[in-house]
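Reviewing the structure listed below.
The values are calculated or read from the model by the stated rules, or taken from the named source; none is laboratory data. Just so it is clear, the structure is predicted and the values come from calculations on it, not from any experiment. So basically every Cβ, Gly included, is an ideal-geometry build from the backbone, and we count neighbours across all protein chains shown. We work out accessible area using only protein heavy atoms, side chains counted, and drop any ligands, DNA or RNA first. Shrake-Rupley method; radii C 1.70, N 1.55, O 1.52, S 1.80 Å.
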Amino acid sequence: MIRDIGLAVVLLSWTVGAASAETLIENQSIRVCSVKHGNSVGLRFEVLDGARWRTVLSNLAIAKKAPWEKAQQTHLESLDIETIDGGNPQSNAAVFTAIKKVSHDHVILMGSHGDRAIQMSVQLTGPDQVSVRVSASARRGGGEVQLSHMWSHYYFVPDDRAMGYALPLDFAWLPNLHKNAEDVCGDHFFRSPAVITQGRGLYAAMVPDLDVMRRNRIVPHSLDLRDFEHPAAHPYGVPRLSYGLCPWTAKPHVFTAKGDPVAVKNDQKLEFEYDLFLGSAVDSSEIVGRVTNYLWNEYGHRYFGEAGPQVLPFEEYGKRYAYKHELVRWATKTVLPTGDGYGINNEFRRGANYHAWENDMHMGFGIWHYGQAWQEERLKQIGRGILNLNLSAPQLSGAFPCVFNFESHQWEGSLYWTSWPAHPTQGFDSQAMGVTAWWRLYWAENFAAFASHKERIAASVIRYANFLSSKQLDSGAIPTYYDENGDAVPQLRESATTAISGAVLAKAAMLSQSDSLKKAAVKAGEYMAREILPTTRFQDFEVFYSCSPKALHWVDPVNGIPPINNLAVQWAADQFLALYQLTSDERWLKHGEYSLGILSLFQQVWDPPFYNVHLYGGFGVMNTDGEWNDGRQSRFVPTYADYYLATGKTEYLERAVAACRSSFALMDMAENHRNRINGIVRPEGAGLGFSSENIFHNGPQDARGGWTGYNWGPGGGLGASAYLDRKFGTVYLDGRMNKAVPIDGVKAEVVRWTGDQVELSVKSALADLPYPYREKRLIRVKFRDVQAATLKINGRDLGPLSSDGETGTINYELE
């Protein structure tokens, strides 16, 4: 939510009626009108809300110091362009002087700037969608100009009112925030690019066309959202959404400021395109879902049909590289009273970590799964040892430390620099404990081989849940940090880290059938729904105590958006799904899908051509940091997969698979290099599959990234692929939707699906790569909710399918 600025001046707002307007085009829900100021023309966009038309966006904004004064300031920004020609700057914010109506749903605005003719094509393309294309062509050949920027601006003016009428916004989104007024959101942050505003029951979103950007990026692109520090803001502000061509430069850590002008030859055509989504909305989940669904359907699903960045079957990343080389380097044994323990001895992080970031229970999930599948005793020994070590942690009323130091053979509280507010070595961190408990439950739920450990795991989680319940505040929040005595400390006392604690409480309540734990879980959910969702303050330790530090109450100074971290968003999604499973209350599922929508705004739905790494499917981190393909993407895989199982929405499973693919894209290995996935060579273990935690962490110049641990790389990726393999196999058949979803390096299409037969075409997605994988594979077709049908793959009969709420499996050898 935008800062509470402007409430006191709502009475100073007024209806704008000074400019004449004419309806140009309209459909059943949107109409576009002309606005005029002097010799310049622009547009106003209205939506039908019930029985009345309401203004949402306009190129025109009017400001007064007081409503009784006659003097007013009028700003019309139809296209803001600035060039430098021969050292002389030329600036024009109201370019268009004429409008041409092409058809009932299509108009073109025409104008000029210097020697360039400029057009803006505006077409209604759906009940809530408008497509806009801006192009500029020179009238003469030869020579060049320096382009400072070429922006489309729109003021968010519900009911044609300015001067704080729309503030505070109910929801606002920009992929990267401003540290200072000169900052913009450069296209380095265009993972799922959109700028969104919602207020007064109306919404507007601006989404760049990535296909146009892919083929014409002469000048870098930028997005922006400002309530202040722009021409029409004055003392009280009016939100302005912007997109266009704007050079930028990266600043620590990590923002982008407006950069130096770029030389453009006169025979080069400048263009950019975007879609506007406009309408009325009851809550922000509607528009977030609309934008993320559009981005996935338009781009993400298309890339999903290709192999990249996957170049091997998932298990081969382990067989050839991760389990063969790097695991051997880091896996360390320790002797425990309950048997051998194992951990990944990350010498840079004081030993084996069970942290909110790297967590051996996540990585160990993959080790045990593949060790079992391959009957590889070495892997099974390490996997069993990881669980043994984790469960050996000492407890204080259910709380437990989360770092095992192999040198001292002692347990320590949490990762030291993220837990300074408490006691780094003797205190407790609910984020680390929560993620660890969550993955303990995944082990218990998925591995029958650990049936003997199931009671031990359940008991440990229930004891921890009772600790959380005892610390819960009257508000429903659960503090983040505790000192060595188990007492809560002030920092992040009430925050979105409540979500991971609430998620564990909900699962523990299901395990124990405890009414008190159920009440605590629901109370934590109510806190999140009341205090965090409406404000989007998805804040945890990483927002404040990691590499992008800021004050605890910092917000974007020009639009009031708070900093958020997507681990907290994921935890909220997990919490709400667990509450839905606990209570069957659909309200929790709705909250969960909204949280998942926010998380999806961090996912890379395309592969930008201006970076020499295959980036599709991965994730960024925060709205104040620069990573692509961050190691946490593997952690998000089970969350999306679980939502697919709960809702049947294929997009969620595709997003899970895409995130899993990206978890191996930064590995230093021949197959990645030869298939042009990356050109990264690690200084240690070159060519052995070691992987950076992420890439472009400090901006575009950071093209190799840094190694931080085995978990935050292929170790975690194999944990994610193991989860997909157990739930969905190589190809998944969903009888609810009559769909086949390819999971692991294949293409799968339904040829026929009738009551008595399912016929599939299945091919390798890896055989046509520049450096192909063409070995025979035994693929597993998993199916659910399929009744009385036989399966045929590539013309071969494989027998009957019968699955009533359970998952079945049929194997098939793919050549």
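What is the calculated FRET efficiency for residue 450 to residue 211, with r their C-beta to C-beta distance and R₀ = 60 Å, to the nearest 0.05?
It comes out at approximately 0.80.
Using each residue's phi in region 430-447, evaluate 6.51 cos²θ - 1.76 cosθ + 1.60 at θ = phi - 60° and report the 3J(HN,Hα) Karplus result to the nearest Hz, with x for Gly and Pro.
5, 5, 5, 5, x, 4, 5, 4, 4, 6, 4, 5, 4, 4, 5, 6, 10, 10
Taking the 0 to 90 degree range and rounding to the nearest ten, how far is the long axis of helix 633-647 tilted relative to the main principal axis of the chain, both from C-alpha atoms?
The angle comes out near 90 degrees.
How high is the relative contact order of region 77-228, in percent, counting Cα pairs under 8 Å that sit 6 or more residues apart?
Once divided by the residue count of region 77-228, the mean separation gives 17 percent.
Which shape class applies to region 529-581: rounded if a/c is under 1.5, otherwise prolate when a/b exceeds b/c and oblate if not, where a ≥ b ≥ c are the square roots of the Cα gyration tensor eigenvalues?
Because a/c hits 1.5 or more and a/b fails to exceed b/c, region 529-581 counts as oblate.
Ignoring ligands, DNA and RNA, what percent of the accessible area of region 583-641 is carbon or sulfur (1.4 Å)?
Carbon and sulfur together cover 46 percent of it.
When the Debye formula is applied to the Cα atoms of region 44-99, each taken as the same point scatterer, what base-10 log of I(q)/I(0) results at q = 0.19, 0.25, 0.29 Å⁻¹?
-0.88, -0.99, -1.06
From the mean inverse distance of alpha carbon pairs (Kirkwood) and the Cα radius of gyration, derive Rg over Rh for region 60-141.
My calculation puts Rg/Rh at 1.09.
Going 7 Å from the Cα of residue 336 toward and past its Cβ, which residues in region 459-474 have a backbone nitrogen under 13 Å from where you end up?
460
Only Cα pairs under 8 Å and at least 6 apart count here; give the relative contact order of the chain as a rounded whole percent.
10
Spin-label point model (7 Å from Cα, Cβ direction): what's the residue 320 to residue 125 distance in nm?
Using points 7 Å along Cα→Cβ, the separation is 3.9 nm.
Considering all alpha-carbon pairs of region 640-749, what whole percent are spaced by more than 19 angstrom?
51
On alpha-carbon atoms, Rg over Rh for region 123-225 using Kirkwood Rh?
Expressed as Rg/Rh, it is 1.00.
Under unit Cβ charges (Lys, Arg +1; Asp, Glu -1), what dipole magnitude, rounded to 20 debye, does region 122-167 have relative to its Cα centre?
Dipole of region 122-167, to the nearest 20 debye: 280 debye.
Mind computing the radius of gyration and Dmax over the alpha-carbon atoms of region 256-299? Å is fine for both.
Calculated on Cα positions, Rg and Dmax stand at 17.1, 48 Å.
Hey, can you find the accessible area per residue of region 52-169 for me, probe 1.4 Å, expressed in square angstrom?
39
With a probe of 1.4 Å, find how much accessible area region 660-746 has per residue, and write the answer as a whole number in Å².
The answer is 27 Å² per residue.
For the chain, what is one quarter of the convex hull surface built on the Cα atoms, given in nm²?
35.6
Write out the GluC sites (Glu not before Pro) in region 61-132 meeting two conditions: DSSP loop, and at most 13 other Cβ atoms within 10 Å of their Cβ.
Sparse-neighbourhood loop GluC sites (Glu not before Pro): 69.
Show log10 I(q)/I(0) for region 281-371 at q = 0.13 Å⁻¹, two decimals, from a solvent-free Debye sum over equal Cα scatterers.
Results for region 281-371 at q = 0.13 Å⁻¹ read -0.71.
In deg cm²/dmol and to the nearest 500, what is the mean residue ellipticity at 222 nm of the chain if only DSSP H runs of at least 4 residues count, each as -39500 (n - 2.57), divided by the residue total?
Roughly -8000 deg cm²/dmol at 222 nm, from the helical runs in the chain.
Taking H as built 1.01 Å from N, whose amide H comes closer than 5 Å to the amide H of residue 57, not counting residues under 5 places away?
Close amide H contacts, sequence-distant or interchain: 45, 157.
Among the lysines, which fall within straight-line cross-link reach of residue 100, defined as a Cα-Cα distance under 23 Å, with same-chain neighbours fewer than 8 residues apart omitted?
36, 269
Amide H to amide H under 5 Å from residue 789: which residues, 5+ apart in sequence or cross-chain, H placed 1.01 Å off N in plane?
801
What is the ratio of the Cα radius of gyration of region 571-635 to 2.2 N^0.38 Å, with N the residue count, to two decimals?
1.38
Looking at region 617-697 from every direction and averaging, what is the projected area of its Cα convex hull in nm²?
That works out to 6.0 nm².
Using a 1.4 Å probe over the heavy atoms of the protein chains, calculate the carbon and sulfur portion of the accessible area of region 258-310 as a whole percent.
Roughly 44 percent, rounded to a whole number.
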